[in-house]
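Asker: Questions regarding the structure given below will be posed in turn.
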Amino acid sequence: MPVSLTLNGKPVTLDTGDDRRLLWVLRDDLGLTGSKFGCGIGACGACTVLIDGKATRSCITELKAVAGKKVTTIEGLATGDKLAPVQEAFLDHLGFQCGYCTSGMIMTGQSILNANPKATREQVAAGLERNFCRCGAQVRIIDAIADAAKAPTAGAQK
Amino acid sequence: MTKRSDGSGAAAKGRRQRTLSEAAAEGRAIAARDAVERTAYANAAALASHDSEQSAGSGEFGFGGTMRRRDFVSLTATGLLISFSVKPLEGMARGRWNPANLQRPSPDFNAFVHIGADDRVTLLVGKIEMGQGVMTSLPQMAAEELNISIDKVDVVMGDTDLCPFDMGTYGSLSILALGPVLRAAAAEGKAVLMQMGSVKLGVPVDQLEVVDGILRSKADPSKRVSYGALTGGNRIERKVDGPAAMERVGDFTIIGISAPRRDAPAKVTGKAKYAGDIIPTGALHARILRAPAHGATLKSVDTSKAEAYPGARVVRAGSLIAVLHAHRDEADKALKLVVAEWNPSPSVLDDKNIFEHLEKHAPAPQTGRPRGNVAEGEAAAADIVATKYLKGYVAHAPMETHSAVTEIAADGKVTVWAGTQMPFGVQSQVAQALQLPPAKVRVITPFVGGGFGGKSVSNQAIESAVLAKAAGVPVRVIWDRSEEFFFDGFDPATVVNVRAGLTREKKITFWDYEVIAAGGRGLQEFYDIPHLRTNTRGTWGTGSGTLHPFNVGPWRAPGANANIWARESHIDALAAKAGMDPVEFRFSHLAGSARMATVLRTAVEKFGYKPKAQAAKPGQRANVGLGVALGIDAGTYVAGIAQVKLDRATGEITVERVVIAQDMGIVVNPIGAMQQLEGCVTQGLGYVLSEEVRFKNGEVLDKNFTTYTLPRFSWVPKIEGYLIANNELPPQGGGEPAIVLMGAMIGNAVFDLTGVRLTQLPFTKERVKAALG
């Protein structure tokens, strides 16, 4: 059954089996490899995308679950040529090392800000509790997202 | 001194809105001028063509720097190419550093520096970027020596066709060992260009200066010529194997600044490519049938249902049985249709009885350089403390599982993109597996999603190559998380037995130390101890043959986490026995190491550490405990103090604050060094508080993050790092030092609070509760 959705602002219809996992449709079928495979069970957060603005683990999400919804991946977070404030903040604070968890951290951060554009440092940290960064960039990731919360357009929903 | 406190982490540059193209310019050198592997991306680009902006962007970023062979040939057809060789560090070409003896004989050329007619400098190094930041700091070192701005320096890393041989990226050696080579190569490049410039301008060398890649007469700056103009049109090659005159520390303008990380733009936009992101045309995912336990053997297998799954193929190659499918999630489903029966593993070991096994079966001791006579020292002891310390197996658990893709061209040339710390080792292994000369195999290392030592073995790359050959199509192997836990070369379980004694004057008189299965890293002694013996029974490199039920291998500062935990716990126990404050006690044994005394003093001052009124009594600090630890790792001296809280009802330890002071010689990139320090503290929380691999009869019971818990955001303390300026010393290792202190700092802090000594890592809630009684 073909599934229609809005992907990074553009309508797409995908006829690849509606029980396929969103992560692998994005990566293998669409070449959007910014979302990463980390655990396959929704436990680490590397595959996080936004569905209607809310952080969702794409590795355990079936394609049919996003029918008619707005899906945003890391590739679609910038507006045209402009990075989102949360991406800017990751650059400023160097909120990464190896970078593999980074897309998921940024998308989770955007989701936190979508829900609460004035999120405090503590609220940001709490919102990241289910994401893992093995390199140990946690302090800078929190700093980055908390700093992005100060930007006027932090919560502009994607 | 460089300082960063929690919360002040913005990079040096001010906050401003960047555009994507500006971000791309910042990160341009990553891609070594837009030279991505177009064949590999063609498929992904075509698939992504519903959104042309996305595919257009990828060429600007690429990954850890590679280029097509013909680009390299044309790049180096003209210009100045400096090759620099260095003898390998003693012992590194053999033994544990080169376990299968697969590496090429060294010495070889370790760094290439190319200066082109376009005034751009290209470094070609065999190191890889796995988050540690050398993609930025190595160009800094070359730019410094060449007197050229860092944004004119490109870097190509970890490509066996383009880069000179390199043993691998491990041991905090990129800056420590390769740095001087690269600096010397760059310095030689500058010296050659000065000579040429002198002839061209008719000005003696000593009257020339270089400003951002332009030579000019000091007396008449209008007499000038650029590096590129000097080399233009000519091919000049120099091979150097001696020292070259290098910039003096006092003249540094690029080394020592927090240059922007080159990988940053690609990593915040999702464009950074890892091995699993490379999708050659027609590539299939492979999911490989795996034994349920180490030592289990295949009794029977029926693949007929998997073969019938739409789009799936079953391929057998050697001992591998794999299900191939264009889509990973469907390959997963098809693999589940394979019905296999297994003979059970003969292993009877588990995570409880392993310590007894290790003590019984570890190889005979090797005694490190002893001091004095332990029996004599023991005779002089008024008090003796003897303790057995235990530590379980710890997984690397990088967020990127072992991943690789192999494509075999029509002419037989094999290209492997692999997430590996040892591209040249993989090249040899793949060549061996496919029975090809190494020159027919090219290994390209994209960004690596964390390594920590765990990607020094890269069997996934061999699997992808063998399957690609058998299947006749490019094959992607991306290990599942359970495969990652199963095949990881864990940090070994370790037993440490320490006996040590004090004189009536509260001085350590003897130290008798035995370490089983961890090797001797971290045991470089800096305390004043007259009689000392260190027995090492097996190392982390000792194969899995009989000692361990699965693979073990190097884990960030291999062996040192166990050794320094045990040593510094025991020093603390002796301080308590002496009735002395643990900081005072340490100072009283540091007369022979001024450098260590300085880092300890710095940590004490920055923390604001105060001895307790009654040093030997637990508590007294308003419900917190403070723990101190010292260590040397990769030439860096490090001291740390941790503050912890404890929930006695649950046994849960909370680390509230960690102060680290380290002397790492010249600091090449302060923010990069600080990121490594913070990473050490944060990652270290895991092996101290929660991480331990559970296993039984060859089965690894931890299969995912549901039972194996990595440090979470809520665990992370306030981290304060202090880098002590020591410009007398070349840059030392920075990737590992602070992590070695974590066990002892936290354990000693719990002792400070409770008077209870924790002797088994990790300090899980259950163990802490049991220890508190």
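The values are calculated or read from the model by the stated rules, or taken from the named source; none is laboratory data. Everything numeric here is computed off the predicted structure, so don't read it as measured data. Neighbour counts are summed over all protein chains in view; Cβ atoms, including those assigned to glycine, are modelled from backbone coordinates with ideal geometry.
Asker: If B:G773 satisfies every condition in (1) in contact with an Asp or Glu (Cβ under 9 Å, 6 or more places away or on another chain); (2) over 25 Å from B:P558 (Cβ atoms) but one, which is the exception?
Answerer: In the conditions (1) in contact with an Asp or Glu (Cβ under 9 Å, 6 or more places away or on another chain); (2) over 25 Å from B:P558 (Cβ atoms), B:G773 misses (1) alone.
Asker: Additional query: Does A:V12 satisfy the condition of being facing chain B (nearest Cβ under 7 Å) and assigned to a strand (DSSP E or B)?
Answerer: Yes.
Asker: Right, here's the next one. Just the residues that are more than 13 Å from B:V405 (Cα to Cα) and within 13 Å of chain A (Cβ to nearest Cβ), please, taken from the range B:428-466.
Answerer: Hits for the range B:428-466 are B:F447, B:V448, B:G449, B:G450, B:G451, B:F452, B:G453, B:G454, B:K455.
Asker: Could you run through the range A:93-130 and say how many residues are under 19 Å from A:C44 (Cβ atoms) and more than 7 Å from every other protein chain (Cβ to nearest Cβ)?
Answerer: Residues that pass the stated criteria total 13.
Asker: Which ones in the range B:199-240 are in contact with a Leu (Cβ under 6 Å, 6 or more places away or on another chain) and surrounded by 14 or more Cβ atoms within 10 Å (Cβ to Cβ)?
Answerer: Within the range B:199-240, B:L208, B:L215, B:K223, B:V225, B:Y227, B:L230, B:T231, B:I236 meet the criteria.
Matching residues to (1) outside the structural domain of B:S456 (by TED's automatic domain parsing); (2) free of Cβ contacts under 8 Å to residues at least 60 places away in the same chain; (3) surrounded by fewer than 24 Cβ atoms within 10 Å (Cβ to Cβ); (4) part of a helix (DSSP H, G or I):
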residue	(1), (2), (3), (4)
B:I148	yes, no, no, no
B:D154	yes, no, no, no
B:D161	yes, no, yes, no
B:D166	yes, no, no, no
B:T169	yes, no, no, no
B:I175	yes, no, no, yes
B:V181	yes, no, yes, yes
B:A185	yes, no, no, yes
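Asker: Considering each of A:I51, A:I60 in turn, give the residue that is surrounded by fewer than 24 Cβ atoms within 10 Å (Cβ to Cβ) and without any contact (Cβ under 8 Å) to a residue 24 or more places away in the chain.
Answerer: Result of the check over A:I51, A:I60: A:I51.
Asker: Moving to a separate point now. Looking only at strands (runs of 3 or more DSSP E) that fall completely inside the range B:194-298, which ones have 1 or more residues that are touching a residue at least 40 places away in the same chain (Cβ under 8 Å)?
Answerer: By residue number, B:208-211, B:224-226, B:235-240, B:284-288.
Asker: Determine which member of the set B:A431, B:A362, B:A382 is surrounded by 15 or more Cβ atoms within 10 Å (Cβ to Cβ) and touching a Gly at 6+ places or on another chain (Cβ under 9 Å).
Answerer: B:A362
Asker: Using beta carbons and a limit of 6 Å, which pairs, at least six apart or on different chains, have the first residue in the range B:679-704 and within 10 Å of chain A (Cβ to nearest Cβ) and closer than 18 Å to B:T401 by Cα and the second one in a helix (DSSP H, G or I) and not charged (D, E, K, R)?
Answerer: B:K703/B:S482; B:K703/B:F485
Asker: Hey, another quick one. Kindly evaluate B:L324 against the criterion of being within 26 Å of B:I462 (Cβ to Cβ), in contact with a Lys or Arg (Cβ under 7 Å, 6 or more places away or on another chain) and assigned by TED's automatic domain parsing to the domain that holds B:H402.
Answerer: Taking the combined requirement at face value, the residue satisfies it.
Asker: Considering only residues of the range B:506-555 that are among the acidic types (D, E) and outside any strand (DSSP E or B), which is farthest from B:V495 (Cα to Cα)?
Answerer: B:D528
Asker: Please work out which residue is surrounded by the fewest Cβ atoms within 10 Å (Cβ to Cβ), limiting yourself to the range A:83-120 and to residues that are part of a loop (DSSP other than H, G, I, E, B) and of a type in the set (G, A, S).
Answerer: Going through the qualifying residues, I end up with A:A119.
Asker: While we're here: Can B:G735 be described as in the same structural domain as B:Q643 (by TED's automatic domain parsing), in a helix (DSSP H, G or I) and surrounded by 21 or more Cβ atoms within 10 Å (Cβ to Cβ)?
Answerer: Against the criterion (in the same structural domain as B:Q643 (by TED's automatic domain parsing), in a helix (DSSP H, G or I) and surrounded by 21 or more Cβ atoms within 10 Å (Cβ to Cβ)), B:G735 does not qualify.
Asker: Being free of Cβ contacts under 8 Å to residues at least 60 places away in the same chain, hydrophobic (A, V, I, L, M, F, W, C) and in contact with a helix residue (DSSP H, G or I) (Cβ under 9 Å, 6 or more places away or on another chain) is true for just one of B:A597, B:A642. Which residue is that?
Answerer: B:A597 is the lone residue from the list that is free of Cβ contacts under 8 Å to residues at least 60 places away in the same chain, hydrophobic (A, V, I, L, M, F, W, C) and in contact with a helix residue (DSSP H, G or I) (Cβ under 9 Å, 6 or more places away or on another chain).
Asker: Here's a follow-up. I'd like to verify a number: residues in the range A:1-24 that are surrounded by 22 or more Cβ atoms within 10 Å (Cβ to Cβ) and of a type in the set (S, T, N, Q), how many?
Answerer: Total satisfying the criteria: 1.
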